[in-house]
Amino acid sequence: MELFNSIYLDKHCLKHLYVQLFESIRDMILEGGLKPEEKLPPIRQLSDLLNINTSTVVNCYNLLEKEGYVYKKVGSGTFVSPKQMSGIDASLLEKYPLDEDFRMMDRGQMQIKVNTISFASATPTSDLFPVEDFKILINEVLDRDKGDAFGYQESQGYYPLRESLVDYLKSYNIDTSPDNIQIISGAQQGIDVISKAFINFKDSVVLENPTYTGAIATFKTRGANIITVPILSDGLDIEALQKIISEQKPKLIYIMSNYQNPTGNSYNLEKKKKLIELAQRYDFLIVEDDYLSDLSFYNNDSSTIKSLDTSDSVIYIKSFSKIFMPGLRLGFLVIPQKILNLT
């Protein structure tokens, strides 16, 4: 607790107290003051120490968990995550000095120049959005549904949208029903929902190496045992994967089979089929994040693993952020029937 005595919270600052507390604890973790697996103070104890409401500590701990800095054990408390992905390795900087632009970008301070084309988010340019067509569609919906258009829908998502997605998925040779589709606010939420539904503390999860950092952070917040497998030009190293699967018995494998992030590599058909075979043999789930196959120029190089899924082992994540309005936050999951049968 001695370390936490040094925390100063400015109650007159415009920044929320829980955000100030989050930043203080985050810095303790990144600077090594708090070690991996070290337990954070109980909520009541820290609130008394800092003379703040317990809700402030709760909100802070929730944010730390969301960002991957800590994980929670039911009945035991909150602990620092095993590993942190903090900044750039100093030993690498000595060997490969970075220019000032990259250093500024790493600190989140790089200014975007006028007329710069940013590839950071890999989203469609707003210049090409069909604004007039969209206005017409919005007016049609408002004329038809009036104020009901802004009301809550069922938790699984707007049913007519799910029906439309069934037809959309047929173009990907994925046969499903509206009942197997869950509307989400984007791929990141989909990963979060899946991790909370299936991953418990110390469960093994296999990820590509390298992979999407948002997925790593999400699984870390669940206290998962993260195992990485090198990705080759045609997909995962299957030989290495088989060895890991036989020894570790993972709960799931998270992959991007088409235009993998960040390598841009796609799995060949043989490896896609092999993953289905392994999932059936070793009883694990495949989480397929299909975020970019819509942009394929060729029909024969973007088949999804879900379209080959004969054992009902693939949870399919799809986001429309690359072809539609990213700010709309629209995506969906296709959930295997065998999972729905368990609920």
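Any read-out appearing in this document is the output of simple, stated calculations on the displayed coordinates, not a laboratory observation. Just so it is clear, the structure is predicted and the values come from calculations on it, not from any experiment. When we count neighbours, we look across all protein chains shown, and the Cβ atoms used for this are built from the backbone with ideal geometry, even at glycine.
Miscellaneous remarks
- In this structure, the pairs whose alpha-carbon distance is over 20 Å, taken from LYS249/LYS318; LYS251/LYS338; LYS35/LYS73; LYS73/LYS196; LYS220/LYS322; LYS196/LYS318, are LYS249/LYS318; LYS220/LYS322.
- Ordering of 11-21, 306-316, 272-282 by burial proxy (mean other Cβ atoms within 10 Å per residue, highest first): 306-316, 272-282, 11-21
- 18 Å Cα-Cα reach of LYS11 towards aspartates and glutamates, excluding residues that sit fewer than 8 places from it in its own chain: GLU23, ASP48
- Contact order for region 146-258, expressed relative to its length and based on alpha carbon pairs under 8 Å spaced 6+ residues apart, stands at 22 percent.
- Rg and Dmax of region 156-340, both derived from C-alpha coordinates alone, stand at 15.3, 44 Å.
- Filtered chymotrypsin sites (Phe, Trp or Tyr not before Pro), region 160-203: DSSP coil and at most 14 other beta carbons within 10 Å: PHE201
- Amide H contacts for THR228 (H built 1.01 Å from N in the peptide plane; partners 5 or more residues away or on another chain; cut-off under 5 Å): LEU207.
- The order of the peptides 334-340, 257-263 by mean Cβ neighbours within 10 Å, most packed first, is 257-263, 334-340.
- Dividing the summed helix terms, -39500 (n - 2.57) for each DSSP H run of n ≥ 4, by the number of residues in the chain produces a 222 nm estimate of -11000 deg cm²/dmol to the nearest 500.
- Gyration tensor analysis over the Cα atoms of region 2-80 returns equivalent ellipsoid semi-axes of 18, 14, 12 Å (largest first, whole Å).
- For region 31-45 and region 176-212, distance of Cα centres in Å: 28 Å
- Relative contact order (%) - criterion: Cα under 8 Å, at least six apart; region: region 156-340: 24 percent
- Share, in percent, of DSSP beta bridges within the chain that are antiparallel, nearest 5: 45 percent
- C-alpha long axis of helix 131-145 to longest principal axis of the chain, angle in °: 90 degrees
- Cα centroid separation, region 53-81 to region 142-158 (Å): 35 Å
- Rounded to the nearest 20 debye, dipole of region 2-80 from Cβ charges on Lys, Arg, Asp, Glu: 260 debye
- Normalised contact order of the chain, rounded percent, pairs of Cα under 8 Å and 6 or more residues apart: 15 percent
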